[in-house]
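This report refers to the structure that appears directly beneath it.
The values are calculated or read from the model by the stated rules, or taken from the named source; none is laboratory data. Everything numeric here is computed off the predicted structure, so don't read it as measured data. With ideal geometry, Cβ positions are generated from the backbone for all residues, glycine too; neighbour counts draw on all protein chains shown. Surface areas here come from the heavy atoms of the whole protein model, side chains and all, with no ligands, DNA or RNA. Shrake-Rupley method; radii C 1.70, N 1.55, O 1.52, S 1.80 Å.
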Amino acid sequence: MPEYKAPLRDIKFVTEEVLDVKSHYANLPGAEEATPDMIAAILEEGAKFAERVLSPLNRVGDQQGCTFNDGVVTTPDGFKEAYQQYVEGGWASLPHSEDVGGQGLPESLGLMVTEMIGTANWSWGMYPGLSHGAMNTLESHGTQEQKQTYLTKLVSGEWTGTMCLTESHCGTDLGLLKTKAEPQADGSYAISGTKIFISAGEHDMADNIIHIVLARLPDAPAGTKGISLFIVPKFNLDGSGEVSDRNAVACGSIEHKMGIHGNATCVMNFDGAKGFLIGPENKGLNCMFTFMNTARLGTALQGLAHSEWALQNSVTYARDRLQMRSLSGPKAPEKAADPIIVHPDVRRMLLTQKAFAEGGRAFIHYCSMLVDITKKGSAEEKAEADELMSLLTPIAKAFLTETGYEAANLGMQVYGGHGFISEWGMEQNVRDCRISMLYEGTTGIQALDLLGRKVLMSQGKTLKTFTKIIHKFCKEHKGDKRFKPYISALSKLNGEWGDITLKIGMKAMRNKDEVGAASVDYLMFSGYVVMAYFWARMAVTAQVQLDEGSDEEGFYTAKLQTATFYYDRILPRTRTHVEAMLSGSDNLLSIDEENFVFL
Ligand SMILES: Cc1cc2nc3c(=O)[nH]c(=O)nc-3n(C[C@H](O)[C@H](O)[C@H](O)COP(=O)(O)OP(=O)(O)OC[C@H]3O[C@@H](n4cnc5c(N)ncnc54)[C@H](O)[C@@H]3O)c2cc1C
């Protein structure tokens with residue numbers, strides 16, 4: 001049976017030893033309480049909840065799925081009870097401010113727990129995950145009254161939240177959306193329209209659901225400049241803020257889908273439902289970006305979750321499964337055959353998973369510490385962190401979900417034919433992972449955002465903010481012969497990142513399609529370089545520990561060996577991406593639309 005063990009040692013390595021979370025919290029206003037002892041206690045409790053409560057429900061969720069009956073959605077057995085335990089454990093309130101009932105702990109600490117929850121059971125984790133996005137939106141853009149009314153109940157976990165953007169004719173291009181918001185005499189709005197694919201749109205886990213909805217006011221300008229944001233509760237509230245009668249919003253059906261069966265994907269019908277404006281009129285998309293950025297980092301985490309899950313279970317299987325003998329002579333002569341972990345190709349698969357899981361972990365937790373700074377840092381620190389996040393968010397979202405899917409697929413491959421059989425869980429991991437490259441903006445859309453909006457439109461400024469950090473790191477370590485293989489490759493790629501950006505920028509001045517033609521290769525190139533930076537940092541940290549005579553020689557040596565694997569076998573993929581992205585747009589655009597298929 002597949003299972004999940006929280007990788008507490010690796011989370012500690014990444015956050016404490018590599019990213020120095022201790023100094024980070026010491027300098028972060030309001031994070032004084034997050035002492036190392038407290039962090040350790042929270043992670044241990046979070047690990048228990050993930051391993052004992054959520055992990056056993058992962059398969060149940062897949063097999064039972066959610067059921068729909070006349071507007072009512074029932075979640076799989078055990079989901080509701082697990083949510084109750086989550087609320088009672090205070091997990092929902094961990095990173096939210098104390099004035100709305102939160103514990104005021106840093107966002108990054110919350111993300112360490114979310115990593116364990118999401119890896120144990122992604123479908124279940126999406127329910128509180130969506131709520132977290134709704135909370136961040138209300139925290140940033142809600143009025144004091146809205147915060148007191150809605151945020152406090154979301155923070156306590158009594159209610160959950162959703163994100164209602166997509167309509168049947170528009171997912172990527174939200175400028176096309178049609179849902180209407182008619183102003184009412186009492187200051188509220190009547191919301192009418194149909195949203196599709198709404199995760200956690202209806203369920204039986206909480207007393208109320210707070211939908212955060214994009215809609216258009218009458219006479220709003222066409223396109224994205226005419227979209228406003230609304231709060232629409234499933235149940236209206238009475239004078240004291242408690243649940244009263246049902247609002248005119250209902251789930252019309254749930255989707256039957258490839259994976260994440262335990263999470264309800266709903267068609268939501270708004271039929272003159274009572275809603276309340278959040279933020280200024282026609283600025284809804286700007287406000288929604290708060291939600292989308294939370295959700296994008298959350299989805300990047302999904303890539304890490306499926307990599308980690310695949311790695312853990314693949315290693316267990318590869319140690320156990322006996323097939324053939326090692327080419328260089330038997331490694332387990334006492335057995336009928338060698339365990340498949342001796343074969344170089346199986347090691348290639350396991351090390352790819354390990355490189356993506358552990359490299360992804362460093363990338364994600366680095367981003368989450370930047371999020372802390374965007375919330376609590378000084379004006380200057382905040383400006384830099386905002387700039388870094390604007391560059392790194394599309395890379396993290398798209399690159400880590402692409403690598404997560406590769407790792408999940410390799411998991412199936414390590415299991416051979418058994419990987420295709422449901423009971424081993426590897427095919428569920430592949431199916432559950434696949435959505436991560438689609439929702440929250442597809443890989444293609446993240447790539448356009450990265451190259452077009454973030455890099456070229458800022459004249460390369462955001463890119464330089466990050467390449468300077470890599471440059472500084474390379475300069476610091478270039479004198480040390482032991483790090484030469486990492487530092488010389490990283491330094492070269494870092495320079496090349498700027499050069500290829502310039503080349504594409506020049507081409508784009510003549511033909512804008514060059515941006516779209518280069519974008520996904522550009523994003524993947526960027527992802528491999530960012531991950532190379534984190535692997536170099538992890539290698540340096542590991543070497544220092546070994547030099548100091550650490551008694552965890554195996555752990556740190558494996559870090560160095562995985563860094564070497566990443567640099568030797570994964571990083572060369574950048575060559576293909578450079579060639580492809582610089583090959584121009586003609587090879588994509590010259591073929592006539594009519595000539596794609598001849599039937
Ligand atoms: C299980 C599930 C859960 C979801 N949860 C939610 C949710 O909670 N809330 C919510 O609002 N939505 C949700 N969604 C919707 C999801 O975010 C959208 O499906 C996604 O953004 C893509 O939109 P689309 O399906 O309309 O595809 P389209 O926008 O039609 O895109 C189709 C293809 O065209 C490409 N494309 C489109 N425009 C361009 C362009 N300009 N350049 C290059 N390529 C382009 C896309 O990359 C994609 O490959 C969910 C979807 C699913 C399946």
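Tabulated results
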read-out: Amide H within-cut-off set for K331, under 5 Å, with H built and near neighbours excluded; value: S326
read-out: Estimated dipole of the stretch 516-599 in Debye, rounded to 20 [Cβ of Lys and Arg +1, of Asp and Glu -1, Cα centre]; value: 160 debye
read-out: Whole-Hz ³J(HN,Hα) from phi, Karplus 6.51 cos²θ - 1.76 cosθ + 1.60, for the stretch 280-288, glycine and proline x; value: x, 4, 6, 10, x, 5, 4, 5, 5
read-out: The stretch 488-512 residues near the modelled V544 label - backbone nitrogen below 19 Å, point 7 Å along Cα→Cβ; value: 488
read-out: Surface share of carbon and sulfur [accessible, 1.4 angstrom probe, percent] for the chain; value: 53 percent
read-out: HN-Hα J in Hz across the stretch 255-267 - Karplus 6.51, -1.76, 1.60, θ = phi - 60°, x for Gly and Pro; value: 7, 9, 9, 5, x, 5, 4, x, 9, 6, 9, 10, 8
read-out: Label-to-label distance, nm, for residues given as T172 and E594 (7 Å Cα→Cβ offset); value: 2.5 nm
read-out: Net charge of neighbours whose Cβ lies under 15 Å from the Cβ of V53, counting Lys and Arg as +1 and Asp and Glu as -1; value: -2
read-out: Inter-label distance, nm, simple model (7 Å from Cα along the C-beta direction), R9/V243; value: 4.5 nm
read-out: Computed magnitude of the charge dipole of the chain (debye, nearest 20; Cβ of K, R +1, Cβ of D, E -1); value: 1880 debye
read-out: Check: the stretch 440-599 dipole with +1 on Lys, Arg Cβ and -1 on Asp, Glu Cβ, in debye; value: 800 debye
read-out: Förster-model FRET efficiency, 22 Å R0, Q85 and A40, C-beta, rounded to 0.05; value: 0.55
read-out: Interchain or long-range residues, amide H under 5 Å from E167's placed H; value: I196
read-out: 5 angstrom amide H check on S253, placed H, neighbours 5+ away; value: V267
read-out: Options G78, C266, A396, ranked by Cα towards positive dipole end of the chain, top entry (Cβ charges); value: A396
read-out: The chain - share of DSSP beta bridges that are antiparallel (%, nearest 5); value: 85 percent
read-out: Charge dipole (the stretch 259-364, unit charges on Cβ, about Cα centre) - positive-most of G360, G298, I278; value: G360
read-out: Accessible area of the stretch 278-320 divided out per residue, in Å², using a probe of 1.4 angstrom; value: 31 Å²
read-out: Positive-end residue of L560, G584, L571, charge dipole of the stretch 554-599 with Cβ unit charges; value: L560
read-out: Accessible surface, per residue, of the stretch 117-253 when the full set of protein chains is kept, probe 1.4 Å, Å²; value: 35 Å²
read-out: Net lengthening on full extension, Q144/E552 (0.36 nm per residue, minus Cα-Cα); value: 141.8 nm
read-out: Fully extended contour minus Cα-Cα distance, from I421 to D480, at 0.36 nm per residue; value: 16.4 nm
read-out: Length released on extending from V315 to S328, taking residue separation times 0.36 nm less the Cα-Cα span; value: 2.6 nm
read-out: Distance in nm between pseudo-label sites at K512 and K257 (7 Å out along the Cβ direction from Cα); value: 3.2 nm
read-out: Spin-label zone in the stretch 154-185 - amide nitrogen under 20 Å from a point set 7 Å from the Cα of T194 along the C-beta vector; value: 163-182
read-out: Accessible area in square angstrom per residue, the stretch 1-88, 1.4 angstrom probe; value: 51 Å²
